[in-house]
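A.B. asks: Below you'll find the structure I mean.
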Amino acid sequence: MKQENPWIEICPGIKRRTHAHGRTMYQMIAELDAGSRMPEHTHSQEQLVHILSGRMKLIVEGVPHELKPGDSYYLASNIPHGVETLEQTRVLDTFSPPRDEYLAIDEKVRGTKNVK
């Protein structure tokens, strides 16, 4: 995987970087500032959340789950979820099928940086 994938802000205090992807999977690193929030949302992809460092609350269908380093959580398709970050946190997220909209944003940002 090429290392020039850009950091993209998802929402205030939360950014992501594509780590790897293939035909049926997409993986990203997310960095979340302490106190940041990801509003409740859904997506058609299944998602595996794995905490690399820090602590956060993953709120699934209104129920908070506190996650710490080494914890993982599976989210089925179209399940409402959001995040409240308790401290600086780093997450490895894996999606299936891929997040094509994220890959398109990566490509657009890379193209803008190459324009002189």
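The values are calculated or read from the model by the stated rules, or taken from the named source; none is laboratory data. The shown structure was predicted, so the numbers you read here are calculated from the model rather than taken from an experiment. Quick reminder, even Gly has a Cβ in these numbers, built from the backbone with ideal geometry, and neighbours come from all protein chains shown.
A.B. asks: Evaluate the following for Ile59: is it farther than 24 Å from Asp106 by Cβ and among the β-branched types (Val, Ile, Thr)?
C.D. replies: yes
A.B. asks: Looking only at the range 65-106, how many residues end up being without any contact (Cβ under 8 Å) to a residue 24 or more places away in the chain and either surrounded by 13 or more Cβ atoms within 10 Å (Cβ to Cβ) or in contact with a helix residue (DSSP H, G or I) (Cβ under 7 Å, 6 or more places away or on another chain) (or both)?
C.D. replies: So the answer is 4.
A.B. asks: Of all residues in the range 4-42 being of a type in the set (Asp, Glu) and not in a strand (DSSP E or B), which is modelled with the lowest pLDDT?
C.D. replies: If we take residues in the range 4-42 being of a type in the set (Asp, Glu) and not in a strand (DSSP E or B), then Glu4 is modelled with the lowest pLDDT.
A.B. asks: I've got another one for you. Going by the conditions given, is Gln88 within 13 Å of the chain's Cα centre (by Cα) and among the polar types (S, T, N, Q)?
C.D. replies: So Gln88 does not fit the description; no.
A.B. asks: Taking Lys116 as meeting all but one of (1) surrounded by 13 or more Cβ atoms within 10 Å (Cβ to Cβ); (2) assigned to a loop (DSSP other than H, G, I, E, B); (3) at pLDDT below 95, write down the number of the exception.
C.D. replies: It is condition (1) that Lys116 fails.
A.B. asks: Continuing with the same structure: Identify the single condition in (1) hydrophobic (A, V, I, L, M, F, W, C); (2) at pLDDT 95 or above; (3) surrounded by fewer than 16 Cβ atoms within 10 Å (Cβ to Cβ) that Met1 does not satisfy, given that it satisfies every other one.
C.D. replies: Tallying (1) hydrophobic (A, V, I, L, M, F, W, C); (2) at pLDDT 95 or above; (3) surrounded by fewer than 16 Cβ atoms within 10 Å (Cβ to Cβ), Met1 fails exactly one: (2).
A.B. asks: Filter the range 4-56 for residues that are of a type in the set (Lys, Arg) and surrounded by fewer than 16 Cβ atoms within 10 Å (Cβ to Cβ); which is nearest to Pro97 (Cα to Cα)?
C.D. replies: Arg23
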